[in-house]
Amino acid sequence: MKLGLSLPMFTADVARPLASAARAAAAGYDGVFAPDHLFPPGVPGRPALEPFAVLAAVAALHPDLRVGTLVTRASLRPAGILAKQAAALDQMSGGQAILGLGAGDSVSKPEHEAFGIPFAPTAERVSILEETVDALRALFGGHPWPGGAHVPAIAGPLLPPGEPELWVGGRSSEVIGVAARTADAWNGWAMDAERFEASVGELRRLAGGRPVAPTWGGIALVGTDDGDLERLRGERRARGLSMDVWQGNAKDFRSFAGRLEKAGCSWIVALPVGGDDRIDVVAGALRA
């Protein structure tokens, strides 16, 4: 099972995610991922870095790392522009790119409205997601996209070409269905082990034998031991931060990861919180 790091992107300082990527590379991570937000969810007055630019810089500095979005919402960009950006990242990274896509949720609405981007109802966003994946698959394969109900015809071609791995992320049955039909991998963000196992079962049933790799992602508060964990919890509460994150000591996280792996998980993508040294703690827990 591979280990990925979700980069800190809610900052105006590009040195922060680059430093995290360097630390991840040194700690033995297999890849780094970036969320795609126009501003932090619910906080329009704070900055958010652009993921494709940051990931291209990481790829240039650390060519052995996989680089990917987790996730970019299919509604934020026209599919042709998204295809060009993702293909360029794949070129920059020597074929190491992963394009994680999602449908978005109610938290996404203020970002769309603030930047003049239409925000469709849930069912339509899921349909847009599926058509976008199909269009990208065609363009990455060197074929035109004939057009659909939501994504218009795209002649292409993408030159120079690129063919990043396509992931679909989301927890609803509808999005899991899109992943089962179209994606190379599915990501379940912030799921506990029981829900992840159940969702993997649903994914496999809907895929009907089509290979789709399950992956997990989430915010992780990991202490070296119980005492360290309580210190981290206290600091987080004192700052008024959400406690709705995965919590445990390093042994707990290793056990959790083992359970996910038994369910078929191929990647764990963690956003460690509690200090920059947690990047090493998470890696140590899984690589021990």
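The table that follows gives values for the structure above.
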{"read-out": "Karplus 3J(HN,Hα) series, Hz, for segment 103-111 with 6.51 cos²θ - 1.76 cosθ + 1.60 (x for Gly, Pro)", "value": "8, x, 9, 4, 5, 6, 4, x, 5"}
{"read-out": "Amide H partners (placed H, <5 Å) of MET191, local residues excluded", "value": "GLY217"}
{"read-out": "Trypsin sites (Lys or Arg not before Pro) within segment 212-264: DSSP coil, no more than 11 neighbouring Cβ in 10 Å", "value": "ARG239"}
{"read-out": "Nearby lysines by direct alpha-carbon distance to LYS2 (threshold 23 angstrom, same-chain neighbours under 8 apart not counted)", "value": "LYS251, LYS262"}
{"read-out": "Charge-dipole axis of the chain as Lys and Arg at +1 and Asp and Glu at -1 on Cβ define it, positive-most pick from ALA57, ALA103, GLY42", "value": "ALA103"}
{"read-out": "Share of Cα-Cα pairs in the chain lying beyond 34 Å, as whole percent", "value": "16 percent"}
{"read-out": "Accessible surface of the chain [probe 1.4 Å, protein heavy atoms]: carbon and sulfur percent", "value": "55 percent"}
{"read-out": "Distant-in-sequence amide H partners of VAL71 (H built 1.01 Å from N, under 5 Å)", "value": "ASP36"}
{"read-out": "The chain, dipole about Cα centre (Lys/Arg Cβ +1, Asp/Glu Cβ -1), debye to the nearest 20", "value": "120 debye"}
{"read-out": "Phi to ³J(HN,Hα) by Karplus 6.51 cos²θ - 1.76 cosθ + 1.60 over segment 144-156, Hz, x for Gly, Pro", "value": "x, 9, x, x, x, 5, 10, 9, x, 4, 10, 7, x"}
{"read-out": "Rounded, prolate or oblate (a/c below 1.5 giving rounded, otherwise prolate when a/b exceeds b/c) for segment 50-208 by Cα gyration tensor", "value": "rounded"}
{"read-out": "Cα Rg, Dmax (largest Cα-Cα span) when computed across segment 237-281, Å", "value": "12.3, 37"}
{"read-out": "Residues whose placed amide H lies under 5 Å from that of TRP267, excluding near-sequence neighbours", "value": "LYS2, TRP216"}
{"read-out": "Overall form of segment 46-119 per C-alpha gyration tensor (a/c, 1.5; a/b vs b/c)", "value": "prolate"}
{"read-out": "Rg/Rg_ref, segment 1-133, where Rg_ref = 2.2 N^0.38 Å and atoms are Cα", "value": "1.05"}
{"read-out": "Helix-only CD estimate at 222 nm, as mean residue ellipticity for the chain, using -39500 (n - 2.57) per DSSP H run (n ≥ 4)", "value": "-13500 deg cm²/dmol"}
{"read-out": "Accessible area per residue in Å² at 1.4 Å probe, computed on the chain", "value": "43 Å²"}
{"read-out": "Relative contact order (%) - the chain, alpha-carbon pairs under 8 angstrom, separation at least six", "value": "17 percent"}
{"read-out": "Kirkwood Rh, angstrom, segment 186-236 [1 / mean 1/r, Cα pairs]", "value": "13.0 Å"}
{"read-out": "Global form of segment 161-288, assessed from the alpha-carbon gyration tensor, a/c cut-off 1.5", "value": "prolate"}
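The values are calculated or read from the model by the stated rules, or taken from the named source; none is laboratory data. All values derive from a computational prediction rather than experimental measurement. Because the Cβ atoms are built from the backbone with ideal geometry, glycine has one as well, and the counts that use them run over all protein chains shown. SASA here: full protein model, heavy atoms, side chains in, ligands and nucleic acids out. Shrake-Rupley method; radii C 1.70, N 1.55, O 1.52, S 1.80 Å.
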